1. In the set ILE128, ILE96, which member is surrounded by 19 or more Cβ atoms within 10 Å (Cβ to Cβ), within 16 Å of the ligand (Cβ to nearest atom) and under 22 Å from GLY259 (Cβ atoms)?
2. Among the residues of region 88-131, which ones are in contact with a strand residue (DSSP E or B) (Cβ under 6 Å, 6 or more places away or on another chain), closer than 30 Å to LEU272 by Cβ and not basic (Lys, Arg)?
3. Check region 229-240 and report whether any residue there is in contact with a helix residue (DSSP H, G or I) (Cβ under 9 Å, 6 or more places away or on another chain), assigned to a strand (DSSP E or B) and at pLDDT 95 or above.
4. Of all residues in region 145-183, which are part of a helix (DSSP H, G or I) and either surrounded by 15 or more Cβ atoms within 10 Å (Cβ to Cβ) or touching a Ser or Thr at 6+ places or on another chain (Cβ under 6 Å) (or both)?
5. If we only count helices (runs of 4 or more DSSP H) wholly inside region 270-366, which ones have 3 or more residues that are within 16 Å of the ligand (Cβ to nearest atom) and buried (at least 17 other Cβ atoms within 10 Å of the Cβ)?
6. With respect to GLY115, determine if the residue is within 11 Å of the ligand (Cβ to nearest atom) and at pLDDT 95 or above.
7. Might you let me know whether region 176-193 holds any residue that is of a type in the set (Val, Ile, Thr) and either within 16 Å of the ligand (Cβ to nearest atom) or more than 29 Å from PRO73 (Cβ to Cβ) (or both)?
8. May I ask you to say which residue of PRO195, PRO135, PRO142 is out of contact with any Phe, Trp or Tyr (no Cβ under 8 Å at 6 or more places or on another chain) and at pLDDT 95 or above?
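The values are calculated or read from the model by the stated rules, or taken from the named source; none is laboratory data. Here the structure is a predicted model, which is why all the values come from computation and not from measurement. Glycine also receives a Cβ, built like all others from the backbone with ideal geometry; neighbour counts cover every protein chain displayed.
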Amino acid sequence: MNKVILAFSGGLDTSVCVRYLQKLHNLDVITLTVDVGQNDDFREIENASSELGAIEHVYIDAKQEFLRDFIVPSIKANALYQQKYPLATAISRPLIAKKAVELAKEHNAVAISHGCTGKGNDQVRFDITIRSLNPNLNIIAPIRDMNLTRDKELEYANENGIKIAEVAKKYSIDENLWGRAIEGGSLENLENEPPRDAFKFVKQNDTIATYVTIGFEKGVPISLDGNKMNLEDIVQKLNEVAGSHGVGIIDHIEDRVIGIKSREVYEAPAALVLIEAHQDLEKLVLTNHELRFKFHIDNQWAWMAYSGLWLDPLLDDLNAFIAQTQQRVTGDIKIKMHNGSYRVVGRKSTFSLYDNSTVTYMSKSNFDQKLATGFVTLWGLQSSAANAKIWENKE
Ligand code: ARG
């Protein structure tokens, strides 16, 4: 029998996929679970796979690759889609797709399958990445192909003896190191505040404020409170600390690639805090000109990562520009977290362009105020001329 590689999470969609691939497509299924920090019980996922009759299950720990090749570039690009969403799910898809393509080659599989619906962004990310890496592989997306709904899937799971965890019945959840997306259920009603049970990291409490100092080197976080740490530990620690201070929930209206407007709920304490800190440090060390231009590059970067164009050459071009800007993004940013809010309260860098003796109002400095008169006159030359014309031509 021909073989198919199925990107398998053990959730509702992908469990249903196993049976459909066997029954409808007559394929031997090899399940693949890529560990990007989702903190699942991987033993249980392997058992579920074999209970469903997959001929093999493969687990790949890709956390370090995810950090190095996806999370680090996201931080450098201050990547927030529509100024809000740190792209956790979005950046994991090209990595999972790449691992699936590699596995397909190893096992001589003829196809790759995923559990994406036809309504979301993940199908775009998976399909484009798979096709970019190996155009000869078939792509089978049973949920999309058969127009399945979650209700139908649950029914099918029930009839076929497929076990589904309680949370997975309530919400559609996607989690990794960079954040957690929660969809479905009561969240589909725009007027409902997300219930507390939707969240795992973010707690509501009113403890005293906490401060944390994040050290950056060339745009990459390297320490917390002066202690050198690897990025995985920094992210995990910040998810914990910021989350326990109520920081990290995102609830916004999002434009999906395929045209749908959706209400998206996420928790991403570490991502939000790290991007805020990184962006603040950039403001201290980059020139006004660099910052204005990079803002557009960053936005384009987020759009490409969101919309499945991870392997388009333009993303490499943007990364080259961004890498160049990060040479001086080194320093310490102190953040205060309290009761759901987070705010930079202190910053320090050897590349700082802040010059206290220039800016101070307090004492005499080497800044000659009289020079400003001429500058302001020239700066406003065209604006005042245009206004004069408007008055002139008014009858
Ligand atoms: N809207 C988000 C995105 O496009 C989240 C997707 C969540 N995926 C999921 N299978 N629950 O990245």
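1. Matching residue, one of ILE128, ILE96: ILE128.
2. ALA88, THR89, SER92, ILE96, ALA100, HIS114, ASP127, listed by residue number.
3. For region 229-240, residues in contact with a helix residue (DSSP H, G or I) (Cβ under 9 Å, 6 or more places away or on another chain), assigned to a strand (DSSP E or B) and at pLDDT 95 or above: absent.
4. ARG150, GLU153, LEU154, TYR156, ALA157, ALA168, LYS169, LYS170
5. It comes to 288-306.
6. Judged against the criteria, GLY115 is a match.
7. Checked against the condition, which is being of a type in the set (Val, Ile, Thr) and either within 16 Å of the ligand (Cβ to nearest atom) or more than 29 Å from PRO73 (Cβ to Cβ) (or both), region 176-193 yields at least one hit.
8. That would be PRO135, the only listed residue that is out of contact with any Phe, Trp or Tyr (no Cβ under 8 Å at 6 or more places or on another chain) and at pLDDT 95 or above.
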